[in-house]
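Okay, so here's the structure we're looking at.
Values quoted throughout were computed directly from the atomic coordinates according to the rules given, and no laboratory measurement underlies them. Nothing here was measured: the structure is a model prediction, and the numbers come from that model. All Cβ positions, glycine included, derive from the backbone under ideal geometry; neighbour counts span all protein chains shown.
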Amino acid sequence: AEPRVLNVNVGVLGHIDSGKTALARALSTTGSTAAFDRAPQSRARGITLDLGFSCLRTALPPQLGPGPGELQFTLVDCPGHASLIRTIIGGAQIIDLMMLVIDVTKGMQTQSAECLVIGQIACQKMVVVLNKIDLLPEGKRQSAIEKMTKKMQKTLENTKFCGCPIVAVAAKPGGPEAPESETPLGVSELIEVLKSQAYLPSRDPSGQFLMAVDHCFSIKGQGTVMTGTILSGSVSLGDNVEIPALKVTKKVKSMQMFHTPVTYAMQGDRVGICVTQFDPKLLERGLICTPESLHTIHAAIISLKKIQYFRGPLHTKAKFHITVGHETVMGRVMFFSPAPADFNEEIQENVFDFEKDYLYQEEYLSKDSNSSEENKENNQTEEVQLPRQQWALLEFEKPVTCPKLCLVIGSKLDTDIHANTCRLAFHGVLLQGMEDKNYMETFLPKLKVYKLKHKEGQVERVMDDYSVIGRSLFKKETNIQIFVGLKVKLSTGEDGIIDGGFGQSGKFKIRIPDGLKPDTKMLLTVASKKKSKAGKGDTTKEDESSKNDSTQPVTISLLFKRYVFDTQKKMIQS
C-alpha cells in the first residue's frame with residue numbers, strides 16, 4: 001500500500017516585503033506549478049502576485065496516528081498588497097494553519113493586522129514567524145526578539161490565536177542579493193513547530209464539488225489542465241464538471257496530485273484536472289463545480305458582524321468592495337436588525353426567515369454606534385441595546401457567481417494602503433441570493449423591513465367636545481386623504497383619529513371618540529384666547545407671557561410603520 005500522505009494547507013501571510021516568499025522557498029522541497037512569483041511583473045518587483053504553492057514533506061509526527069506516512073505541508077504564499085487582498089480572501093477558505101510573517105524590525109503593520117482578521121474568520125490555528133533576525137545586531141538580537149515576542153503576545157491576547165507559537169528566523173540572511181550558500185537561521189526549528197501544530201483537518205467528501213482554479217494551461221494532445229484546491233465535495237475520473245464562467249460542462253479525462261496520477265480527490269486536496277481542450281486564456285482563475293451548483297446573483301441577504309479593527313461606523317447606503325466566493329465587486333448595503341421585541345431571541349444559523357418583521361437601521365449597531373440623540377441630551381449614557389444578530393441587503397454593481405452559502409467580506413480597498421487602518425469592515429454569510437435581474441419588483445417586496453415614522457403637530461383649536469383642528473403635521477401639498485383613519489395621540493392623553501383635511505393650508509380635523517377631558521378644553525380655550533389678545537398687542541408681551549405662563553401647546557403625535565419595499569407605501573399602526 002502507498003504510505004499515506006496527510007496534506008495540511010499552510011497559508012503564508014504577512015505585510016508586503018516581510019519576506020514571505022523567501023520563507024516559503026527556504027521551507028519547501030517540492031515546487032508545484034503556480035509556485036514562486038510566476039507573474040513577470042511580480043519578478044521584476046520581487047513581490048508575489050499569485051497564490052504560489054510549493055510543498056514540504058516530512059515524516060508523519062506521532063500525534064497524527066500510527067504507521068509510516070508523510071506529512072505534507074502545502075505552502076500557500078498569499079500576496080500581501082491591496083489589489084490582491086481578494087486573492088487572500090479568495091484562498092483563505094482552504095487554509096488549515098496560518099503562518100503570519102512579521103518583519104522583526106517593523107512589528108505589526110497594516111496588512112499584518114488584516115491578515116490577522118482574515119485568519120480569525122477563515123482559519124483555526126496560527127504560528128507567528130518573526131523574520132529577518134539577521135538584520136538585528138548580534139549582541140542585541142536576543143533581547144530584541146524577546147521584546148517583539150512579548151509585543152506580539154499582547155496583540156494576540158484578544159484573538160482566537162491567543163498563546164500561539166512565535167518563532168524567530170532569518171529566511172534569507174543578507175537579503176535577496178546574498179549568495180544562495182547562506183544557510184537560513186531557525187528554519188529547522190520552525191519545521192518542528194509546524195509539525196507540532198499539524199492536526200487532521202476535517203475534510204468532507206460529501207456535498208457539491210467546488211474547486212478554486214488558480215492556473216490553467218493546455219498540453220498538446222492531452223487537453224486543458226486546471227490546477228487548484230478543492231473547496232468542497234470530491235471529484236472522480238469521468239465526472240462532469242461545469243465551468244460557470246464559460247457556461248460549459250466538461251468531462252474529467254485525467255487527474256494529478258503533486259505529479260502523481262490519481263482517480264479521486266476530495267475537499268482540501270490540491271489537484272490538476274485535465275479536460276477536453278478549451279482555450280486556457282478564457283479561465284486564468286475562477287471556479288469549477290458540480291453542474292448547476294452555483295448561482296449568479298444581483299443582490300443578496302447576508303447575516304454579518306463588524307470587524308472590530310475597522311474604524312468608524314458602517315452606514316446604510318454606503319458602498320463597499322464585497323468579496324463573495326472568489327469574486328470581488330462593488331456593492332451597496334442596507335443594514336437591518338430584528339424588531340426591538342426580538343433583539344434577544346435565538347436566531348437560527350444560516351437561514352433567513354421571511355415571515356418575520358425586521359427594523360431598518362441607518363447604520364450597523366455596535367457598542368460605539370450613536371445611541372439616539374435624545375439620550376445624549378439627557379445625559380443618559382445607557383447601554384445601547386444590541387441585537388444578537390444583524391443582517392444586510394447587498395446590491396451588487398454587477399452580477400456575481402458563487403456557492404449558495406458562502407463567506408462574504410466587505411472592505412474599503414480604496415483606503416490608502418500606507419494609512420495604518422484595517423480596510424476590512426465586516427464579514428458574514430450569504431443566506432439568500434437574488435438571481436432575478438428584476439429583484440426590486442419580484443423579490444424585495446417579500447422582505448419585511450420597516451421604518452418607524454413619527455410625525456408631530458399641534459392642536460390649533462377646539463371644534464366641539466369630540467373634535468379638534470390640528471396643524472403642522474403635514475406639508476401644505478400633502479394629500480391628507482391617505483392619512484384618514486390613522487390613530488393619533490394628544491400630549492394631554494386623549495386618543496384621536498384623523499378625520500380629514502380642513503381648509504387649504506394642510507390643517508386637519510381630529511375626531512376624539514372618548515371626548516376631550518375638561519382640563520384639555522380649559523387649556524385649549526385659554527391658549528386660543530391668549531393668542532387673539534397677543535395678536536392685537538405687541539409681540540414682545542406674548543413672549544413674556546408664554547415664559548411666565550405654564551400653557552404648553554397641546555401636541556399631536558402620529559406613529560406608524562412603513563415597509564421599505566412596499567410598493568404601495570402603506571402606513572401600518574399596531
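What the table shows:
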read-out: Distance in nm between pseudo-label sites at GLN481 and THR249 (7 Å out along the Cβ direction from Cα); value: 5.6 nm
read-out: Length gained when the stretch CYS162-ASP239 is fully extended (0.36 nm per residue, less Cα-Cα span); value: 23.4 nm
read-out: Model label zone, GLN385; criterion: amide N under 11 Å from point 7 Å along Cα-to-beta-carbon; scope region 325-358; value: 339-345
read-out: Per-pair calculated FRET efficiency, R0 = 30 Å: ALA59 and ILE219 via Cβ, rounded to 0.05; value: 0.35
read-out: Gyration tensor verdict on region 210-289 (Cα atoms; rounded if a/c is under 1.5, prolate if a/b is larger than b/c, oblate otherwise); value: rounded
read-out: Neighbour net charge for GLN142 - beta-carbon separation under 14 angstrom, K R +1, D E -1; value: +1
read-out: Per-peptide average of other Cβ atoms within 10 Å, ordering 436-448, 97-109, 552-564 highest first; value: 97-109, 552-564, 436-448
read-out: Kirkwood Rh, Cα atoms: Rg over Rh of region 412-474; value: 1.34
read-out: Which listed pairs, of LYS281/LYS437; LYS305/LYS453; LYS20/LYS251; LYS125/LYS367, have C-alpha distances above 32 Å, in listed order; value: LYS20/LYS251
read-out: Cβ crowding within 10 Å averaged over residues, with 227-233, 465-471 ranked highest first; value: 227-233, 465-471
read-out: Theoretical gain in end-to-end length, GLN458 to VAL429 [0.36 nm per residue, Cα-Cα removed]; value: 5.7 nm
read-out: Karplus-derived 3J(HN,Hα), 6.51/-1.76/1.60, for each residue of region 462-478, Hz, glycine and proline x; value: 8, 8, 8, 4, 10, 7, 10, 9, x, 9, 6, 8, 10, 6, 4, 8, 5
read-out: Calculated from backbone phi, Karplus (6.51, -1.76, 1.60) coupling profile of region 138-146 in Hz, x at Gly/Pro; value: 3, x, 9, 4, 4, 5, 5, 5, 4
read-out: Label-point separation, ARG311 to SER202 (7 Å along Cα→Cβ), nm; value: 3.8 nm
read-out: Residues SER574 and SER491, FRET efficiency given R0 of 25 Å [Cβ-Cβ distance, rounded to 0.05]; value: 0.80
